[in-house]
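The structure under discussion appears below in the form of structure tokens.
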Number of protein chains: 2
Amino acid sequence: MAVGKSPFPVMPPLAGVRLGSAMAGIKKPGRRDVVVIELPESAAVSGVFTRNAFCAAPVTVAKAHIERCRENGQSPRYWLVNTGNANAGTGKQGLQDAYASCKALAEQAGVAEHQVLPFSTGVIGEPLPMERLLAGLAPALYSTAEGSQAWQQAGEGILTTDTRAKGASITLDVSGGTITINGITKGSGMIKPNMATMLGFVVTDATIEQSLLDRLLRETVDASFNCITVDSDTSTNDACLLAATGAGAAVINDADIELFRDALQQVMTTLAQAIIRDGEGATKFVTLQVDDAKSRQEALDVAFTVAHSPLVKTALYASDANWGRILAAVGRAPVDNFDVSRVVIDLADVRLVEGGGRASGYTEKAGSAVMAQEEITIRISLGRGDESATVWTSDLSHDYVTINADYRS
Amino acid sequence: MAVGKSPFPVMPPLAGVRLGSAMAGIKKPGRRDVVVIELPESAAVSGVFTRNAFCAAPVTVAKAHIERCRENGQSPRYWLVNTGNANAGTGKQGLQDAYASCKALAEQAGVAEHQVLPFSTGVIGEPLPMERLLAGLAPALYSTAEGSQAWQQAGEGILTTDTRAKGASITLDVSGGTITINGITKGSGMIKPNMATMLGFVVTDATIEQSLLDRLLRETVDASFNCITVDSDTSTNDACLLAATGAGAAVINDADIELFRDALQQVMTTLAQAIIRDGEGATKFVTLQVDDAKSRQEALDVAFTVAHSPLVKTALYASDANWGRILAAVGRAPVDNFDVSRVVIDLADVRLVEGGGRASGYTEKAGSAVMAQEEITIRISLGRGDESATVWTSDLSHDYVTINADYRS
């Protein structure tokens, strides 16, 4: 199940960025499950990773390899992704396997081992099937190409329980010329990223300084991937990478940085929202906007408390305008000295709650009309300050239970 | 659905404690939905209530009435409970209705208005159907009796989505004679109590000082009702009341206090566990024991993170020994400087995780054999200190979604 239509966009080629994939039989026969993304030597690369204490072996290795590249003044040249196995909870063997897969690709591609960054997604706790993975490297490498089809096939190759490939692309003019930002992502369940989503790969041909790229990645991820939740479960493998190849125009002055930042935010938000629209079992796409909070953290706490409430999520699934559950979830959020008489809750343009209870003009008919829609905005004003946050989530359906009671992830 | 059998126990009568119920048509026709519990003038009464900021009108009124009784040196004489309507999110009208229902019962019973404590459970945000409720008071009052059948009918009269009445009773000897503790409770969904569960009513004939009673209630609730979760949703109406009628032996010296405390804890824990066994859609009863934490709060944080994980809960439902999901949930718990290489996770007597990954002796067969059982213990040792916590939870099944997509609660 998935909310709305979401065709994969046309991706303009980025000079020197080549994507390849292979069917290595890791996930299941006849399914792309190994993806190689090649970057030019000029690329600056930033990454953010899961904060789960049990982080996966590829996360540990990717972070170490980025560090090593920076020490040596080199660029990471390959992102190596497999689906079907997360290589998480695999202890020392998992680390050895992640290093060995980087080494094998590096030898075939003629780069240093630490110029390969590994990423894995799929079942936790099973050893990485090294024989199949290694056999998939050559065909994946051989198939690399720059075109839109290569982006789409890579987008398909990284999926797990996702029902469709997710991409976003923007081309914009800055003072020195035209630049493009392309991104793909995957994720459907175990989605409550804390630093980044399950997997996100974004590449631009902009020329941009490393420290600025690092900062822009952190900022845009904070307002996109870090503001989505399917099921509150932060994955062991979350990673979001951003590369700037330097083949295109430079992003230097403040006006250009702002233009680029806005475009990058748009790509990140589109990708993050695409994960929610394709959330496991999702039948609704829900925007939770919390305003008038004392701090952004307070606004996020209220938004996530509502977004994680199984009772709110099942009411959304049922298209039931059961606003009492929203009120109850807001009321249990961790807010100090919470005066609920100041809280106002709106469902799209229908006022649900004010003065500590049901809004006087509310009718079940008006509430039900909004709840019947596929895309729903719930706005919660706390009446305590000026800070806001927006969080996106999906509903809790029978299909979510079916998927997760059947799928070994 | 519910886990295991759980017959309602025989409840010895407590002198002066009379329970009555009526079918007032609030929940549905032919269903007990108004309950009156009468206490003798000698009773000491303690209560703990929800910390949900949107607390229900009856919670506000019950707290105010307890306060007023204490100021006047009087005892609360009646607990008035209705199911089918929570009188929550109902603003000023809700408060007026709660006060009016106390006043009506007080007049019929010949006590002061503040000697009646109101409790409601059911749908949030609908006005209390006062005409039906008031019409139910006389028959409920008329039917009051001391016997075990009256306890059981009261236990039935407070249920919502529960599938069965829940009671516990213990008789023990203290130095001055024999005393009994009887309790009933209800709750099935919107269960993650923070102070107390949905509704719990416990009465003893012990003679016990008010301040000691208050403390024992807090302590035993902290280790019972405050350690259960069905769906992480803290209700607007949680309340747990404890009355000591003073008709029986006195609990004064340290040895007696310890005996009484242990017995009270057993009653509270039995009632709290009964809620989990009858949790909405529950097919499993799960004990999460976290040991070797730096603080009890840290142990509770880890236990609740695992207990609230939809992925762990669906794996439990599927009887799938998907230990990677337990590892991932532990890894995202809010623990500072978390060294996961020291974490040990056991499923009953099967070691799942050690040294940062799968335990060397683990076999899928051994894990699956435990997961197939109805009652499962997951033990997580953090290897950081000496503190522990135990939390009880249920699984996430299709029936949970069905119940909450269908039921307006």
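B:Val116 meets the conditions (1) in contact (Cβ under 8 Å) with a residue 12 or more places away in the chain; (2) surrounded by fewer than 24 Cβ atoms within 10 Å (Cβ to Cβ); (3) touching a Lys or Arg at 6+ places or on another chain (Cβ under 9 Å) in every case but one. The failed one is (2). The residues of region A:289-321 that are away from chain B (no Cβ under 14 Å) and within 25 Å of the chain's Cα centre (by Cα), listed by number, are A:Gln289, A:Val290, A:Asp291, A:Ser295, A:Arg296, A:Ala299, A:Leu300, A:Ala303.
Of a type in the set (S, T, N, Q) and within 22 Å of the chain's Cα centre (by Cα), is that true of B:Thr363? It is false that B:Thr363 is of a type in the set (S, T, N, Q) and within 22 Å of the chain's Cα centre (by Cα). Of all residues in region B:157-194, those satisfying the criterion of being away from chain A (no Cβ under 14 Å), of a type outside the set (Gly, Ala, Ser) and closer than 30 Å to B:Val401 by Cα are B:Ile158, B:Leu159, B:Asp162, B:Thr163, B:Arg164, B:Lys166, B:Ile184, B:Thr185, B:Lys186. The residue of region A:384-399 that is nearest to the other protein chains (Cβ to nearest Cβ), among those that are under 23 Å from the mean Cα position of the chain (by Cα) and not in a loop (DSSP other than H, G, I, E, B), is A:Asp399.
Residue-level analysis places A:Gly136 outside the set of residues that are surrounded by fewer than 19 Cβ atoms within 10 Å (Cβ to Cβ), more than 14 Å from chain B (Cβ to nearest Cβ) and more than 23 Å from the chain's Cα centre (by Cα).
Identify all residues within region B:322-332 that are among the hydrophobic types (A, V, I, L, M, F, W, C) and either surrounded by fewer than 18 Cβ atoms within 10 Å (Cβ to Cβ) or facing chain A (nearest Cβ under 8 Å) (or both); write none if there are none.
Filtering region B:322-332 for residues among the hydrophobic types (A, V, I, L, M, F, W, C) gives B:323, B:326-330.
If the condition is that a residue be among the hydrophobic types (A, V, I, L, M, F, W, C) and either surrounded by fewer than 18 Cβ atoms within 10 Å (Cβ to Cβ) or facing chain A (nearest Cβ under 8 Å) (or both), then B:Trp323, B:Leu327, B:Ala328, B:Ala329, B:Val330 are the ones that fit.
Residue-wise test of (1) within 14 Å of chain B (Cβ to nearest Cβ); (2) of a type in the set (Val, Ile, Thr).
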site	(1), (2)
A:Ala22	no, no
A:Gly30	no, no
A:Val48	no, yes
A:Arg51	yes, no
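Does B:Thr270 qualify as being among the hydroxyl-bearing types (Ser, Thr, Tyr) and either modelled with pLDDT of 95 or more or open to solvent by 10 Å² or more (accessible area, probe 1.4 Å) (or both)? The answer is yes for B:Thr270. Considering only region B:228-249, I want to know if a residue exists there that is part of a helix (DSSP H, G or I) and open to solvent by less than 10 Å² (accessible area, probe 1.4 Å). Within region B:228-249 (the criterion being part of a helix (DSSP H, G or I) and open to solvent by less than 10 Å² (accessible area, probe 1.4 Å)), the answer is no, since none of the residues qualifies.
Of everything in region B:336-346 that is more than 7 Å from chain A (Cβ to nearest Cβ) and within 12 Å of B:Gly383 (Cβ to Cβ), the residue that is surrounded by the most Cβ atoms within 10 Å (Cβ to Cβ) is B:Val343. Condition check for B:Asp254 on (1) within 25 Å of B:Val174 (Cα to Cα); (2) in contact with a Gly (Cβ under 7 Å, 6 or more places away or on another chain); (3) surrounded by fewer than 24 Cβ atoms within 10 Å (Cβ to Cβ): one failure, at (2). Every condition in (1) open to solvent by less than 30 Å² (accessible area, probe 1.4 Å); (2) out of contact with any Ser or Thr (no Cβ under 9 Å at 6 or more places or on another chain); (3) closer than 19 Å to B:Gln108 by Cβ is met by B:Ala154 except one, and the failing one is (2).
The set of residues in region B:135-191 that are part of a helix (DSSP H, G or I) and of a type outside the set (Gly, Ala, Ser) comprises B:Leu137, B:Pro139, B:Leu141, B:Tyr142, B:Gln149, B:Trp151, B:Gln152, B:Gln153, B:Glu156.
Which of the residues spanning region A:5-24 are in contact (Cβ under 8 Å) with a residue 24 or more places away in the chain and open to solvent by 30 Å² or more (accessible area, probe 1.4 Å)? Step through it out loud before you land on a result.
Here is the first cut: in region A:5-24, the ones in contact (Cβ under 8 Å) with a residue 24 or more places away in the chain are A:6, A:8-24.
Listed by number, the residues that qualify are A:Ser6, A:Phe8, A:Pro9, A:Val10, A:Pro12, A:Pro13, A:Ala15, A:Arg18, A:Met23.
Take the residues in region A:78-96 that are outside any strand (DSSP E or B) and surrounded by 24 or more Cβ atoms within 10 Å (Cβ to Cβ), then tell me which one is nearest to the other protein chains (Cβ to nearest Cβ). The qualifying residue nearest to the other protein chains (Cβ to nearest Cβ) is A:Gly89.
If the requirement is being within 21 Å of the chain's Cα centre (by Cα), open to solvent by 10 Å² or more (accessible area, probe 1.4 Å) and farther than 30 Å from B:Leu311 by Cα, which of these qualifies: A:Ser148, A:Ser143? Outline the logic, then answer.
Values: A:Ser143 fails: within 21 Å of the chain's Cα centre (by Cα).
Answer to the selection: A:Ser148.
Residue count for region B:311-321, restricted to those that are open to solvent by 20 Å² or more (accessible area, probe 1.4 Å), in contact (Cβ under 8 Å) with a residue 12 or more places away in the chain and not aromatic (Phe, Trp, Tyr): 2. Checking every residue in region B:354-362 against the condition of being buried (at least 20 other Cβ atoms within 10 Å of the Cβ), more than 8 Å from chain A (Cβ to nearest Cβ) and not in a helix (DSSP H, G or I) gives at least one match. A count restricted to region B:185-227 and to residues that are open to solvent by 10 Å² or more (accessible area, probe 1.4 Å) and either of a type in the set (Ser, Thr, Tyr) or touching a His at 6+ places or on another chain (Cβ under 6 Å) (or both) stands at 2. B:Val34 meets the conditions (1) in contact with a Phe, Trp or Tyr (Cβ under 9 Å, 6 or more places away or on another chain); (2) at negative phi in every case but one. The failed one is (1). Just the residues that are buried (at least 18 other Cβ atoms within 10 Å of the Cβ) and either assigned to a helix (DSSP H, G or I) or away from chain A (no Cβ under 13 Å) (or both), please, taken from region B:400-409. Once the filter is applied, which keeps residues that are buried (at least 18 other Cβ atoms within 10 Å of the Cβ) and either assigned to a helix (DSSP H, G or I) or away from chain A (no Cβ under 13 Å) (or both), region B:400-409 yields B:Tyr400, B:Val401, B:Ile403, B:Asn404, B:Ala405.
Collect the residues in region A:364-383 that are within 13 Å of chain B (Cβ to nearest Cβ) and out of contact with any strand residue (DSSP E or B) (no Cβ under 8 Å at 6 or more places or on another chain), keeping them in residue-number order. Give the steps one after another, and end with the answer.
Looking only at region A:364-383, we keep the residues that are within 13 Å of chain B (Cβ to nearest Cβ), and these are A:364, A:367-368, A:371, A:380, A:382-383.
If the condition is that a residue be within 13 Å of chain B (Cβ to nearest Cβ) and out of contact with any strand residue (DSSP E or B) (no Cβ under 8 Å at 6 or more places or on another chain), then A:Glu364, A:Ser368 are the ones that fit.
The values are calculated or read from the model by the stated rules, or taken from the named source; none is laboratory data. Because the structure is predicted, anything quoted here is derived from the model rather than measured. As a convention, Cβ positions derive from the backbone with ideal geometry for all residues, glycine included, and neighbour counts pool all protein chains shown. For the accessible areas, the whole protein counts, side chains as well, though only heavy atoms, and no ligand, DNA or RNA atoms are used. Shrake-Rupley method; radii C 1.70, N 1.55, O 1.52, S 1.80 Å.
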